[in-house]
1. When residues of segment 81-108 are filtered for being surrounded by 14 or more Cβ atoms within 10 Å (Cβ to Cβ) and part of a helix (DSSP H, G or I), how many remain?
2. Would you say Phe74 is of a type in the set (A, V, I, L, M, F, W, C), at pLDDT 90 or above, in a strand (DSSP E or B) and surrounded by 11 or more Cβ atoms within 10 Å (Cβ to Cβ)?
3. Which one of these is modelled with pLDDT of 85 or more, under 25 Å from the mean Cα position of the chain (by Cα), in a helix (DSSP H, G or I) and of a type in the set (D, E, K, R): Arg185, Arg228, Arg202?
4. Can you work out which of the residues in segment 148-169 that are among the β-branched types (Val, Ile, Thr) and at pLDDT below 90 is surrounded by the most Cβ atoms within 10 Å (Cβ to Cβ)?
5. Exactly one of (1) part of a helix (DSSP H, G or I); (2) closer than 22 Å to Arg142 by Cα is unmet by Lys49. Its number?
6. What about Thr119, is it free of Cβ contacts under 8 Å to residues at least 24 places away in the same chain and either touching a Lys or Arg at 6+ places or on another chain (Cβ under 7 Å) or over 30 Å from Thr271 (Cα atoms) (or both)?
7. Would you check which residues across segment 119-139 are of a type in the set (Val, Ile, Thr) and surrounded by 15 or more Cβ atoms within 10 Å (Cβ to Cβ) and list them?
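The values are calculated or read from the model by the stated rules, or taken from the named source; none is laboratory data. Keep in mind that what you see is a predicted model, and the values were worked out from it rather than measured. Every residue, glycine among them, receives a Cβ derived from its backbone with ideal geometry; neighbour counts consider all protein chains shown.
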Amino acid sequence: MNIALLGKLIWKYIMNPETPWVKFLKHKYLKSNSILIPLTFKCPSYIWKSINKAVEFLKSGFEPKLGTGGSSVFYDNWLGDGPLCTKVPFVHISDTQLNLVDLWANNKWNLPILHTNITKDIEQKILRVKIPLTPVGQDIFRWSKTTSGDYTTSSTYNWLQGDLDTYPHPIWKQIWHLQITEKLRWFCWFILNNALPTNNKRKASHMTSSELWPRYSAITEDVFHALRNYPNSKELWNKLDLHGNNIWKIDNILTWFTNILRHKDSVKIITTMWWAWRWRNNYIF
């Protein structure tokens, strides 16, 4: 399920190109490249490595959804795997100004008008793209596993099951069936992948110089300290009458979380951990 959740991040990247975090990732990693093409870098962030891994599994699920056909045939990434100009020896001068709409005739692709030689594979890929009956809006991408074309984690999870039989740990299925928001599922994913940016994790990723909790400089801040062992967190658990269970004595993340999911108040525990994490962030930042 973690790949399906990461796909939501990829979808937001595609659909919201003007948001600050998208601009940051584009500037730092992608430049003019497509997010649907896995790229490797020296010392990438944990988030970028996770996105790159997810793209390997999900890229075939995205497909073009054409609008007015205003994209450049050869210089825009309208197919999702890079501009066509990178896949041909050269672009004929007569084709440099062509937009997609120029290749449409009677709701069909009119590829014979191209002066640039394209391979049979590229030709077939283009012919598989549907031309809209009513051209409107931008040329974007859709998620092929839903009728609406919108990305959903449930459709992705179901689709991936055929290909990832050995990938998901059974715990992901348990989390999937919890009556919690997607925000909390993301939170669970970060905890289980040891990706929650505690000071211990941030130091390991060279994002800070100290792994210690800033208020008590002798204590390493890991997941257990931030969500469970910190005095304010303990006080919170006591007030909710959730501190007596043996889940508070386990120091292995997978075992700990498995026991949380078996608890009758698992949703309350996960929600409380989220609020404890939010309080921690408000205190530090």
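1. 7
2. Judged against the criteria, Phe74 is not a match.
3. So the residue among Arg185, Arg228, Arg202 that is modelled with pLDDT of 85 or more, under 25 Å from the mean Cα position of the chain (by Cα), in a helix (DSSP H, G or I) and of a type in the set (D, E, K, R) is Arg185.
4. Per the criteria, the residue is Thr156.
5. Every condition holds for Lys49 apart from (2).
6. no
7. Passing the criteria: Ile122, Ile126, Val129, Ile131.
For every residue, the table says whether it meets (1) modelled with pLDDT under 90; (2) under 15 Å from Trp11 (Cα atoms).
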{"residue": "Leu36", "(1), (2)": "yes, yes"}
{"residue": "Lys42", "(1), (2)": "yes, no"}
{"residue": "Ser60", "(1), (2)": "yes, yes"}
{"residue": "Phe90", "(1), (2)": "no, no"}
